[in-house]
Amino acid sequence: MIRFENVGKRYGMGAEVLSDISFTLEPGSLHVLTGPSGAGKSTLLRLLYLDQRPTRGSVQMFGHDVTRLARRQLPAFRRRIGVVFQDFQLLDHMSALDNVALPLRIAGDLPEERIQGFVRELLSWVGLGDRLNAKPPTLSGGEQQRVAIARAVIGKPDLLLADEPTGNVDPSMAQRLTRLFVELNRLGTTTVIATHDLTLAESIGGARMQLAHGQLLAVGGGGGAPRVA
Ligand code: ADP
Ligand code: ADP
């Protein structure tokens with residue numbers, strides 16, 4: 001379970017980007033985070049990824065108040081979180097296969113042969129079976145996006161965060177990627193997908209979390225709305 005209580009966030013001396021955000025994400029729930037550009041979606045995802053600390057309030061995650069963690073404790077928590085960044089953040093000197101294999105190699109509990117098998121299967125499923133050895137700079141934006149998604153989901157994380165994950169692909173690939181998220185969620189991964197694309201939000205279903213001016217407005221949706229305190 002993930003719980004935000006009265007969370008506020010400002011960057012530097014700026015105005016609050018998020019104010020007094022409180023919500024609970026039940027294990028295995030699926031949420032679509034919507035709101036216009038600048039509403040604070042990426043900031044909320046960065047708090048969930050422990051890339052930023054809130055300026056006030058508490059964040060409970062995996063049984064800990066993560067706002068109190070020391071920097072050296074962060075990697076262990078982040079390994080339980082899969083992230084699809086808006087700018088992908090792939091390693092340009094590594095092949096698509098190696099980028100996607102990385103989380104499994106770091107986890108270190110599977111033999112290399114099985115890692116390669118899983119990675120090939122997943123990359124084929126997202127239509128990149130013939131680009132396994134390509135390095136990110138030689139891939140199109142949509143192809144890079146699919147590598148980033150594969151890397152985020154390969155380790156079956158406890159929490160999956162995706163920031164505008166289908167912004168660079170055509171509608172049929174967007175549907176396929178959406179199915180990947182929904183299937184992973186059915187396997188128990190708590191999932192938060194941020195998008196300003198309301199058509200995508202509809203097709204994902206799940207519970208809507210809507211941000212406006214740094215405030216969270218709960219809107220009902222398929223899987224039951226998140227409980228907003
Ligand atoms: P969204 O993802 O909904 O577009 P963001 O979380 O990216 O919203 O941005 C919310 C607000 O926070 C915007 O006004 C943005 O300019 C500001 N902001 C985001 N990141 C930073 C940063 N690193 N430093 C200062 N201001 C930031
Ligand atoms: P410093 O602020 O001196 O650079 P920190 O360890 O406080 O060192 O922070 C390093 C980066 O990691 C910052 O971006 C910080 O916001 C983030 N960070 C550190 N600890 C946490 C935490 N427990 N939760 C979320 N983000 C964290």
Practice prompt. Among the candidates 176, 208, single out the residue that is surrounded by 14 or more Cβ atoms within 10 Å (Cβ to Cβ), in contact with a helix residue (DSSP H, G or I) (Cβ under 9 Å, 6 or more places away or on another chain) and not in a helix (DSSP H, G or I).
Written response: 208
Worksheet, complete the sentence: Just one listed residue, out of 4, 62, is farther than 30 Å from residue 116 by Cβ, of a type in the set (Phe, Trp, Tyr) and either modelled with pLDDT under 95 or within 15 Å of ligand 2 (Cβ to nearest atom) (or both), and it is 4
Item to complete: Tell me, yes or no, whether region 131-139 has at least one residue that is of a type in the set (D, E, K, R), over 18 Å from the mean Cα position of the chain (by Cα) and under 30 Å from residue 61 (Cα atoms).
Response: no
Worksheet item: Taking region 78-127 only, how many residues are among the aromatic types (Phe, Trp, Tyr), over 30 Å from residue 63 (Cβ atoms) and not in a loop (DSSP other than H, G, I, E, B)?
Response: 1
Worksheet item: In region 11-42, which residue that is away from ligand 1 (no atom under 12 Å from the Cβ) and of a type in the set (S, T, N, Q) is farthest from residue 159 (Cα to Cα)?
Response: 22
Worksheet item: Does residue 148 count as outside any helix (DSSP H, G or I), touching a residue at least 12 places away in the same chain (Cβ under 8 Å) and closer than 18 Å to residue 169 by Cβ?
Response: no
Worksheet entry | Exclusive hit being closer than 22 Å to residue 210 by Cβ and either within 17 Å of the chain's Cα centre (by Cα) or within 16 Å of ligand 2 (Cβ to nearest atom) (or both), set 90, 33, 50, 69 | 33
Response to the item:
Checked region 122-143 for anything among the charged types (D, E, K, R) and exposed (fewer than 12 other Cβ atoms within 10 Å of the Cβ); matches are 130
Discussion item. Checking residue 57 against (1) within 9 Å of ligand 2 (Cβ to nearest atom); (2) buried (at least 18 other Cβ atoms within 10 Å of the Cβ), only one condition comes out false. Which one?
Written reply: (1)
Discussion item. Go through region 62-105 and report how many residues are within 16 Å of ligand 1 (Cβ to nearest atom) and surrounded by fewer than 16 Cβ atoms within 10 Å (Cβ to Cβ).
Written reply: 2
Discussion item. Could you go through region 43-50 and let me know if any residue there is within 8 Å of ligand 1 (Cβ to nearest atom) and in contact (Cβ under 8 Å) with a residue 40 or more places away in the chain.
Written reply: yes
Worksheet item: Hey, among 42, 22, which residue is polar (S, T, N, Q), closer than 23 Å to residue 162 by Cβ, away from ligand 2 (no atom under 12 Å from the Cβ) and in a helix (DSSP H, G or I)?
Response: 42
Discussion item. Restricting to region 13-33, give me the number of residues that are in contact with a strand residue (DSSP E or B) (Cβ under 7 Å, 6 or more places away or on another chain) and surrounded by fewer than 22 Cβ atoms within 10 Å (Cβ to Cβ).
Written reply: 10
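The values are calculated or read from the model by the stated rules, or taken from the named source; none is laboratory data. If you're wondering where the values come from, they're calculated on a predicted model, not measured in any experiment. Neighbour counts run over all protein chains shown; Cβ positions are idealised from the backbone, glycine included.
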